[in-house]
Amino acid sequence: MKVTEHIANAKGETLFSFEIVPPVKGKNIQELYNNIDPLMEFKPPFIDVTTSREEYVFIEKDGLFEKKVTRLRPGTLGICASLQHKYNVDTVPHVLCGGFTKEETEYLLVDCQYLGIENVMALRGDAMKGEKYFTPTKGGNCYAVELVEQIQNLNQGKFLLEQIQTENTPEFCIGVAGYPEKHMEAPSLQSDLKRLKEKVDAGADYVVTQMFFDNKKYFEFVNAAREMGITVPIIPGIKPLAVQRHLSILPQVFWIDLPQDLIDAVEKCNTNKDVRQVGIEWCIEQSKQLKAAGVPVLHYYSMGKSDNIKAIAAAIF
Ligand code: FAD
């Protein structure tokens with residue numbers, strides 16, 4: 001079922017969903033299942049599976065280092081298929097511009113259709129690890145809006161090669177990213193919102209936000225988006241802070257601010273176990289307030305271990 005249908009069927013009740021990251025290749029998938037199992041009691045209607053960019057690795061050969069490009073966490077679509085089969089849940093693969101030609105994206109979408117996947121998140125992707133700026137892939141989409149257009153074309157039976165006759169068109173429900181605290185490259189929040197509107201006008205059906213730790217930022221963002229004429233559901237993406245290092249890493253990677261009360265609470269902690277508890281309690285308060293405001297879904301970034309998400313979901317759902 002489509003994410004938007006799940007939201008409509010919930011009739012105003014807030015749903016629970018989460019995002020997972022594929023394991024590093026060579027690792028056993030069982031660890032992923034062990035983390036998902038405890039979350040299934042909260043009946044997520046859909047689970048997102050991220051796609052990682054390729055990255056550079058240096059391989060030693062005859063005393064010299066060779067620079068190679070590899071994708072360390074492949075398997076997004078395989079994991080989606082496996083979760084659908086194992087848990088009877090809808091899955092949402094993240095589809096990227098970066099690292100894929102348009103032709104490869106088309107193959108991926110055809111695979112999605114054959115697997116009965118009805119939802120995709122359309123994203124530009126980050127810059128490759130070790131590179132400062134995003135560089136579009138030759139023959140690929142440059143911005144998420146172009147990817148939305150490609151998916152919508154397919155929804156209308158238009159393949160890249162126009163002479164292909166379509167008998168069975170897909171009907172992908174398309175999610176896109178939104179940034180309550182602005183995307184790092186956008187010159188202003190207003191200009192970033194205009195770009196978001198372009199994605200919605202091109203056919204995106206819903207928005208999932210970047211993580212935020214201050215609900216005020218989300219509420220202001222939703223108001224600004226509504227004023228701009230963006231009417232699709234805006235799903236808050238939230239993450240419990242889990243280790244002391246997050247205080248510096250999260251702002252650096254995601255360009256978000258952390259509230260002073262949260263920083264103070266974390267700085268008082270002696271161990272990461274204490275920090276994890278502070279993160280859980282903060283996220284429960286955030287979730288309660290968002291749920292009371294009637295958000296359609298509470299979408300959690302699980303990043304591997306799920307004990308904290310389970311504790312939060314148990315307090316909310
Ligand atoms: P876009 O919407 O294309 O925007 C990128 C930047 O370009 C913005 O600053 C925007 O304002 C600007 N812009 C947009 N259109 C134009 C235009 N036509 N001309 C000029 N400027 C323009 N990354 C991954 O690699 N894998 C994932 O699985 C993944 N999942 C994510 C899930 C969520 C919910 C979120 C919020 C992010 C995720 N990301 C993921 C990160 C995302 O790929 C990065 O934030 C990326 O830098 C931007 O992606 P986007 O789709 O928002 O890009």
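The values are calculated or read from the model by the stated rules, or taken from the named source; none is laboratory data. Because the structure is a prediction, the values reported are computed rather than measured. Counting neighbours? That spans all protein chains shown, and the Cβs are built from the backbone with ideal geometry, glycine included.
Need the failing condition index for SER302 against (1) crowded, with 16+ Cβ neighbours inside 10 Å; (2) out of contact with any Gly (no Cβ under 8 Å at 6 or more places or on another chain); (3) at pLDDT 95 or above, just the number.
Against the list (1) crowded, with 16+ Cβ neighbours inside 10 Å; (2) out of contact with any Gly (no Cβ under 8 Å at 6 or more places or on another chain); (3) at pLDDT 95 or above, SER302 comes up short only on (3).
Name the pairs whose Cβ atoms lie under 9 Å apart, with the first residue in region 121-138 and farther than 16 Å from LEU108 by Cα, the second of a type in the set (Phe, Trp, Tyr) and away from the ligand (no atom under 12 Å from the Cβ), and 6 or more positions between them or separate chains?
Pairs that qualify, where the first residue is farther than 16 Å from LEU108 by Cα and the partner is of a type in the set (Phe, Trp, Tyr) and away from the ligand (no atom under 12 Å from the Cβ), are MET128/TYR56; LYS129/TYR56; GLY130/TYR56; GLU131/TYR56.
Is it the case that some residue within region 153-170 is crowded, with 22+ Cβ neighbours inside 10 Å and under 29 Å from SER302 (Cβ atoms)?
no
State which residue is farthest from the ligand (Cβ to nearest atom) when the search covers only region 99-132 and only residues that are crowded, with 16+ Cβ neighbours inside 10 Å and under 15 Å from the mean Cα position of the chain (by Cα).
ASN119
Have a look at PRO44, PRO38 and point out the one that is over 22 Å from LEU108 (Cα atoms), in contact (Cβ under 8 Å) with a residue 40 or more places away in the chain and touching a Phe, Trp or Tyr at 6+ places or on another chain (Cβ under 7 Å).
Criteria check complete, one pass: PRO44.
Conditions (1) hydrophobic (A, V, I, L, M, F, W, C); (2) in contact with a Lys or Arg (Cβ under 7 Å, 6 or more places away or on another chain), marked per residue:
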{"residue": "PRO170", "(1), (2)": "no, no"}
{"residue": "PRO180", "(1), (2)": "no, yes"}
{"residue": "SER191", "(1), (2)": "no, no"}
{"residue": "LYS194", "(1), (2)": "no, no"}
{"residue": "VAL200", "(1), (2)": "yes, no"}
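Among the listed residues GLU146, GLU106, which satisfies the condition of being touching a Phe, Trp or Tyr at 6+ places or on another chain (Cβ under 9 Å), at pLDDT 95 or above, within 27 Å of GLY203 (Cα to Cα) and charged (D, E, K, R)?
Among GLU146, GLU106, only GLU106 is touching a Phe, Trp or Tyr at 6+ places or on another chain (Cβ under 9 Å), at pLDDT 95 or above, within 27 Å of GLY203 (Cα to Cα) and charged (D, E, K, R).
In region 211-232, what residues are within 13 Å of the ligand (Cβ to nearest atom) and touching a strand residue (DSSP E or B) at 6+ places or on another chain (Cβ under 6 Å)?
MET211, the sole residue that qualifies.
Going by what's in this entry, would GLU146 be described as in contact (Cβ under 8 Å) with a residue 12 or more places away in the chain, within 20 Å of PHE159 (Cβ to Cβ), surrounded by 15 or more Cβ atoms within 10 Å (Cβ to Cβ) and more than 12 Å from the ligand (Cβ to nearest atom)?
It is false that GLU146 is in contact (Cβ under 8 Å) with a residue 12 or more places away in the chain, within 20 Å of PHE159 (Cβ to Cβ), surrounded by 15 or more Cβ atoms within 10 Å (Cβ to Cβ) and more than 12 Å from the ligand (Cβ to nearest atom).
Name, by its number, the condition in (1) in contact (Cβ under 8 Å) with a residue 24 or more places away in the chain; (2) in contact with a helix residue (DSSP H, G or I) (Cβ under 6 Å, 6 or more places away or on another chain); (3) surrounded by fewer than 21 Cβ atoms within 10 Å (Cβ to Cβ) that does not hold for LYS197.
(2)
What number goes with the only condition from (1) closer than 30 Å to GLU5 by Cβ; (2) within 11 Å of the ligand (Cβ to nearest atom); (3) not hydroxyl-bearing (Ser, Thr, Tyr) that ILE174 does not pass?
Failing condition for ILE174: (2).
May I ask you to verify whether THR91 is buried (at least 20 other Cβ atoms within 10 Å of the Cβ) and hydroxyl-bearing (Ser, Thr, Tyr)?
For THR91, the condition - buried (at least 20 other Cβ atoms within 10 Å of the Cβ) and hydroxyl-bearing (Ser, Thr, Tyr) - is met.
Among residues belonging to region 3-20 that are in contact with a helix residue (DSSP H, G or I) (Cβ under 9 Å, 6 or more places away or on another chain) and either assigned to a helix (DSSP H, G or I) or among the hydroxyl-bearing types (Ser, Thr, Tyr) (or both), point out the one that is surrounded by the most Cβ atoms within 10 Å (Cβ to Cβ).
SER17
Just wondering, is there one or more residues in region 220-228 that are in contact with a helix residue (DSSP H, G or I) (Cβ under 7 Å, 6 or more places away or on another chain), closer than 26 Å to SER306 by Cα and hydrophobic (A, V, I, L, M, F, W, C)?
No; the residues of region 220-228 include none that is in contact with a helix residue (DSSP H, G or I) (Cβ under 7 Å, 6 or more places away or on another chain), closer than 26 Å to SER306 by Cα and hydrophobic (A, V, I, L, M, F, W, C).
Quick check on LEU196: is it farther than 17 Å from SER287 by Cβ and within 9 Å of the ligand (Cβ to nearest atom)?
Yes; evaluated as a whole, the condition is true for this residue.
Look at LYS268 and say whether it is surrounded by fewer than 16 Cβ atoms within 10 Å (Cβ to Cβ), farther than 22 Å from LYS182 by Cβ and touching a residue at least 12 places away in the same chain (Cβ under 8 Å).
Considered against the rule, which asks whether it is surrounded by fewer than 16 Cβ atoms within 10 Å (Cβ to Cβ), farther than 22 Å from LYS182 by Cβ and touching a residue at least 12 places away in the same chain (Cβ under 8 Å), LYS268 comes out as no.
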